[in-house]
Amino acid sequence: MERITKVILSNMCMVENSKGEYLFINRHKNDWPGINLPGGHVEKGETLIESVIREMKEETGLTIKNPKLCAIKEWDWGNDVRYLGLLYYTNEYEGELKSSDEGEVMWIDYFKDKNRYHLSEGLEELIDLILSNK
């Protein structure tokens with residue numbers, strides 16, 4: 001039995017502001033369009049925490065602090081490849097919100113206004129996983 005499996009590591013972070021709104025990105029990419037949580041891939045040589053802090057800075061302009069790992073989501077990519085999404089939560093950050101090439105970032109009162117947006121496939125499950133473990 002083979003014990004080595006190719007794994008792709010990614011992260012997403014749910015950031016909450018003082019108004020109870022959550023930070024979302026309206027992705028421009030065709031591979032997972034719609035409103036989603038900001039995040040990205042873990043790069044070679046960086047820790048898991050370093051990667052989520054870097055991705056949040058790149059995609060939102062914010063420097064997050066004390067991200068808490070809440071859940072891990074696994075997707076099957078076929079060809080014996082595992083895709084793991086590390087799901088974080090924080091309400092500590094600094095900086096100014098700034099959109100990037102990845103998409104437009106915005107604060108949304110998710111539970112009140114989610115029906116006004118096209119949500120990325122599976123977003124509701126990710127949010128449930130994070131909020132049930134934060």
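Side notes on the structure shown:
- Pairs, first without any contact (Cβ under 8 Å) to a residue 24 or more places away in the chain in segment 30-54, second not basic (Lys, Arg), C-beta under 6 Å, six or more apart: 53/64
- Within segment 19-29, not a single residue is acidic (Asp, Glu) and either part of a strand (DSSP E or B) or under 12 Å from the mean Cα position of the chain (by Cα) (or both).
- The residue pairs whose first member lies in segment 66-88 and is under 16 Å from residue 128 (Cβ atoms) and touching a residue at least 12 places away in the same chain (Cβ under 8 Å), whose second member is assigned to a loop (DSSP other than H, G, I, E, B) and polar (S, T, N, Q), and whose beta carbons are closer than 6 Å, counting only pairs six or more residues apart or on different chains, are 70/133; 71/133.
- Contacts under 8 angstrom Cβ, first residue in segment 1-15 being among the β-branched types (Val, Ile, Thr), partner part of a loop (DSSP other than H, G, I, E, B), 6 or more apart: 5/80; 8/77; 15/38; 15/62; 15/91
- Selection from segment 30-72 of residues that are assigned to a loop (DSSP other than H, G, I, E, B), surrounded by 21 or more Cβ atoms within 10 Å (Cβ to Cβ) and out of contact with any Asp or Glu (no Cβ under 9 Å at 6 or more places or on another chain): 37
- Selected residue (only one of 48, 37, 23 is over 20 Å from residue 125 (Cα atoms) and at pLDDT 95 or above): 48
- Of residues in segment 89-113 being without any contact (Cβ under 8 Å) to a residue 60 or more places away in the chain and more than 15 Å from residue 56 (Cβ to Cβ), the one most open to solvent (accessible area, probe 1.4 Å): 112
The values are calculated or read from the model by the stated rules, or taken from the named source; none is laboratory data. Just so it is clear, the model here is predicted, and its values are computed rather than measured. Methodologically, a virtual Cβ is constructed for each residue, glycine included, from the backbone with ideal geometry; neighbour enumeration extends over all protein chains shown. To get the accessible areas, we keep the full protein, side chains included, count just its heavy atoms, and leave off ligands, DNA and RNA. Shrake-Rupley method; radii C 1.70, N 1.55, O 1.52, S 1.80 Å.
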